[in-house]
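Participant: Okay, here's the structure, questions in a sec.
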Amino acid sequence: MRHTLTDEETQGQAALYALGALEGAEARAFEEHLAGGCAACAAEVEEFVAAVDALAHAAPPAEPPAGARAKLLARVGGGGGGQEQAAESGSTEIRPPEKSEGRAGGPRAGFFILRADEGEWAATEDEGISYKLLFADRARGTVTTLVRMQPGARIPRHRHLGVEQCLVLEGDLRSGPYAMGAGDFNCSLPDSIHDELTTDGGALLLLVSPASYELIPPPAE
């Protein structure tokens, strides 16, 4: 069966296929469906493949810490491999960092901890919405924030200026036809548009995102 528009089920299959997560008979059935000439599903797969490729290149490359290979080999060998581990680590042995100033038993150098009772909640220009800044990553141009939406609060339609990751910690959240609840995660890619976000009973969100987004008017009816 061909489609002119895709529903949530076929969108889900297209996303899983692009990620390589469809297995066995499901994968073969979806491939046969695509081979049958369904342009709508083919377009969905193309979009998801592009999104997966973008996410793959979003994170900067990272080198493993010194001695990681030797430690891994030692674990696999049941704790042996002492001579190889010593040769690998040499003078680059990882030592516990010095404690930073702060509370007793607080974070060590190179780490940052914000306690649940620390930080300040600030109101936004949108009624019923406040946020707490947890961390600002100036190198990547992102901020990590908690966002609290009171019952009935709304965030206007907007365009994302970079990758935005959102985890619903509490409550309910809706954008257009899509509803989310506690534990649900959403990743919005650069230049994507979020329809108005609403909540009925209130919500608490954890966001990793650029510091701002672009407000855009609702679509013409």
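Each reported figure results from applying straightforward, stated rules to the coordinates on display, with no laboratory input. Remember, it's a predicted structure, so these values are computed and weren't measured experimentally. Quick reminder, even Gly has a Cβ in these numbers, built from the backbone with ideal geometry, and neighbours come from all protein chains shown.
Participant: List every residue whose amide H lies under 5 Å from the amide H of LEU169, counting only residues 5 or more places away in sequence or on a different chain, with H placed 1.01 Å from N in the peptide plane.
Facilitator: Correct list: GLY183, LEU204, LEU205, LEU206.
Participant: To the nearest 0.05, what FRET efficiency results for ARG154 and GLN11 with a Förster distance of 25 Å applied to their C-beta separation?
Facilitator: 0.50
Participant: With θ set to phi - 60°, apply the Karplus curve 6.51 cos²θ - 1.76 cosθ + 1.60 along segment 194-207 and write out the HN-Hα couplings as whole Hz, x wherever there is a Gly or Pro.
Facilitator: With the stated coefficients, segment 194-207 comes to 9, 5, 3, 8, 10, 9, 8, x, x, 7, 10, 10, 10, 10 Hz.
Participant: Given points 7 Å out from each Cα along the Cα-Cβ axis, report the GLU170 to SER212 separation in nanometres with one decimal.
Facilitator: In this crude label model, GLU170 to SER212 measures out at 3.1 nm.
Participant: With each label point set 7 Å from Cα along the Cα-Cβ vector, what nm distance links ALA116 and LEU134?
Facilitator: Between ALA116 and LEU134, the label points sit 1.4 nm apart.
Participant: At R0 = 41 Å, how high is the FRET efficiency between PHE185 and ARG28 if r is their beta carbon distance? Nearest 0.05 is fine.
Facilitator: On the way: r = 29 Å, r/R0 = 0.71.
Step by step, r from the Cβ atoms, then E = 0.90.
Participant: Per residue of segment 122-134, in order, report the coupling 6.51 cos²θ - 1.76 cosθ + 1.60 (Karplus, θ = phi - 60°) as ³J(HN,Hα) in whole Hz, putting x for Gly and Pro.
Facilitator: 10, 6, 9, 6, 8, 4, x, 10, 9, 9, 10, 6, 9
Participant: Here is a follow-up. For segment 133-221, which trypsin sites (Lys or Arg not before Pro) are in a loop by DSSP, counting at most 14 other Cβ atoms within 10 Å?
Facilitator: ARG138, ARG140
Participant: Got a sec? How would TYR213, TYR17 order by Cβ neighbour count within 10 Å, fewest to most? Write out the running numbers ahead of the final one.
Facilitator: Details: TYR213 18, TYR17 21.
So the residues, fewest neighbours to most, are TYR213, TYR17.
Participant: Just need the Rg to Rh number for segment 136-221, please, alpha carbons only, Kirkwood Rh.
Facilitator: Result for segment 136-221 is an Rg/Rh of 0.96.
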